1. Looking at the structure I just gave you, is Arg319 among the basic types (Lys, Arg), in the same structural domain as Pro174 (by TED's automatic domain parsing) and either touching a strand residue (DSSP E or B) at 6+ places or on another chain (Cβ under 8 Å) or under 27 Å from Gly71 (Cβ atoms) (or both)?
2. Restricted to segment 207-229, and to residues that are more than 21 Å from Gln382 (Cα to Cα) and not charged (D, E, K, R), which residue is surrounded by the fewest Cβ atoms within 10 Å (Cβ to Cβ)?
3. Is it the case that some residue within segment 361-383 is at pLDDT below 95, among the basic types (Lys, Arg), under 20 Å from Ala208 (Cα atoms) and more than 19 Å from the chain's Cα centre (by Cα)?
4. Of all helices (runs of 4 or more DSSP H) completely enclosed by segment 213-323, which ones contain at least 1 residues that are closer than 19 Å to Ala346 by Cβ, small (Gly, Ala, Ser) and in contact (Cβ under 8 Å) with a residue 40 or more places away in the chain?
5. If we keep just the residues of segment 338-363 that are closer than 20 Å to Asn76 by Cβ and hydrophobic (A, V, I, L, M, F, W, C), which is surrounded by the fewest Cβ atoms within 10 Å (Cβ to Cβ)?
6. Given the residues Ile141, Ile184, Ile137, which is the only one that is buried (at least 17 other Cβ atoms within 10 Å of the Cβ), in contact with a strand residue (DSSP E or B) (Cβ under 7 Å, 6 or more places away or on another chain) and part of a helix (DSSP H, G or I)?
7. Among the residues of segment 23-37, are any assigned to a loop (DSSP other than H, G, I, E, B), within 29 Å of the chain's Cα centre (by Cα) and closer than 28 Å to Ala256 by Cα?
8. Take Gly154 and decide whether it is touching a residue at least 40 places away in the same chain (Cβ under 8 Å), under 30 Å from Ala54 (Cα atoms) and under 16 Å from the mean Cα position of the chain (by Cα).
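The values are calculated or read from the model by the stated rules, or taken from the named source; none is laboratory data. Just so it is clear, the structure is predicted and the values come from calculations on it, not from any experiment. Methodologically, a virtual Cβ is constructed for each residue, glycine included, from the backbone with ideal geometry; neighbour enumeration extends over all protein chains shown.
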Amino acid sequence: MNKKILFFVFFFLCFNYAALSSATEISKEQCDSLFQDQKVVKNVEDYLNLHEDANHKVRDNKLYSYVSKSGNIARNGPFAIWLYDELKQIAKNYRPIKFKNTTPPFGGRITWSHYEEFENALCKAHYGSGTIRDVIIASHILWGRGNEWSGFAGNWESFPYIETGRKVIESPSPKGLSHYKKYITAGGVIIVGGKKVPDEAFLASYDAVMYMTSEWPGVRDILKQNEARISLFYGSYRNTSVLPEYRNEREPGGFAMGLTDTSMTANASWLCFPGNWDIGGNPVIHELVHSLNHIVFELTNETYFYERIYDLALSAIERGIYGDFEQYLQDGQEQDMSHLVGEYWAISVEGYIMNRGPRFKSSHFTREWIEKNDPEVYKLIQRYFPKKEWSYCPGVEKHM
């Protein structure tokens with residue numbers, strides 16, 4: 001199959017996913033027919049364990065992942081699609097005996113209504129009026145996932161999506177998220193931050209998101225439907241613990257958003273904008289690349305990407321053109337090959353988007369450099385990201 005046909009298939013998947021928002025409501029009869037062959041599991045704990053086991057089974061699927069000699073894993077693959085398929089089989093075949101409330105494997109309390117929400121979410125997704133994200137969130141609630149990760153989307157009310165254009169407005173923050181005072185939307189992504197985050201940081205983030213999503217068919221709709229959000233924090237000595245969803249996380253630069261996370265995060269003081277001429281990497285661009293992988297690639301089963309990216313990373317490392325960088329890791333972790341492989345795509349795209357030179361990145365710092373030294377990843381980047389020129393952080397050249 002040639003590249004034009006493959007990209008058409010990708011576009012077709014995106015288009016059909018975007019059509020969810022206009023799908024009609026499903027009937028109770030449709031849902032009943034989907035679940036008509038269910039067997040009742042009399043032990044509720046046994047039923048909840050089915051959900052936990054499905055998650056572990058999918059997580060252990062290393063089809064597209066890289067495993068280093070030390071055993072560390074750079075995970076990659078359409079985990080959302082795989083998990084949805086597992087959960088659909090569970091829902092079609094089993095249901096728990098009706099219960100008032102119970103304790104899931106990872107703690108907390110759930111009620112029968114939580115099970116009904118899972119069944120309803122799966123029915124909607126199956127018939128095209130709901131999202132896979134909602135199904136997985138509902139399943140995670142059943143087995144207690146939210147009790148081990150504060151940033152789990154099921155722990156927080158969603159922000160409304162308001163078209164703002166290139167203008168920062170007062171944040172319509174839901175309960176528990178009053179920390180966020182400023183708000184802007186860009187290309188299907190909500191961007192929020194506290195009162196100390198400069199408006200210029202929001203505008204720089206807006207410009208980056210709008211550019212990165214400008215030539216990718218259907219991507220903005222997928223991001224919007226899956227409630228993609230960037231949480232900005234600000235200050236050289238601050239980290240993600242200042243954000244209400246991440247009180248126990250102390251990442252200084254930011255981290256990506258997985259499909260069931262409430263947001264990705266980025267240190268706005270590491271961005272480049274007037275009054276903050278930061279010369280270096282850009283956490284909004286970098287973590288958005290990871291987030292697009294977790295959200296868009298997983299939901300569209302982008303095997304073209306999965307089958308190529310880690311081989312390209314290993315080739316770049318073997319040729320000595322990539323890998324000279326340090327990254328923030330949790331206490332007790334040391335950087336090994338899995339971390340280098342796992343960061344290769346985001347670092348390459350980040351340098352391609354900024355296109356500013358070696359003072360910003362240690363490798364893959366301009367399009368010209370990437371095309372000359374790593375031509376296959378250059379082609380892969382242009383498959384998804386814009387080919388047209390863009391001026392990253394105009395004015396920074398006066399401060400270099």
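1. Working: among the basic types (Lys, Arg): yes; in the same structural domain as Pro174 (by TED's automatic domain parsing): no; either touching a strand residue (DSSP E or B) at 6+ places or on another chain (Cβ under 8 Å) or under 27 Å from Gly71 (Cβ atoms) (or both): yes.
The answer is no for Arg319.
2. Gln225
3. Kept after step one, since they are at pLDDT below 95, are these residues of segment 361-383: 361-363.
Those left that are additionally among the basic types (Lys, Arg): 361.
Of the ones still in play, those that are also under 20 Å from Ala208 (Cα atoms) are 361.
Next, only the ones that are more than 19 Å from the chain's Cα centre (by Cα) stay: 361.
Yes, because at least one residue in segment 361-383 is at pLDDT below 95, among the basic types (Lys, Arg), under 20 Å from Ala208 (Cα atoms) and more than 19 Å from the chain's Cα centre (by Cα).
4. Numbers: elements: 219-225, 283-292, 303-306, 309-318.
Result: 283-292, 309-318.
5. Step by step, filter segment 338-363, then rank; the result is Ala346.
6. Values: Ile184 fails: part of a helix (DSSP H, G or I); Ile137 fails: in contact with a strand residue (DSSP E or B) (Cβ under 7 Å, 6 or more places away or on another chain).
Only one candidate passes the filter, namely Ile141.
7. Keep residues of segment 23-37 that are assigned to a loop (DSSP other than H, G, I, E, B), which gives 23-27, 35-37.
Subset that is within 29 Å of the chain's Cα centre (by Cα): 23-26.
Cutting the leftovers down to closer than 28 Å to Ala256 by Cα gives us none.
Within segment 23-37, none of the residues are assigned to a loop (DSSP other than H, G, I, E, B), within 29 Å of the chain's Cα centre (by Cα) and closer than 28 Å to Ala256 by Cα.
8. On the way: touching a residue at least 40 places away in the same chain (Cβ under 8 Å): yes; under 30 Å from Ala54 (Cα atoms): yes; under 16 Å from the mean Cα position of the chain (by Cα): yes.
So Gly154 fits the description; yes.
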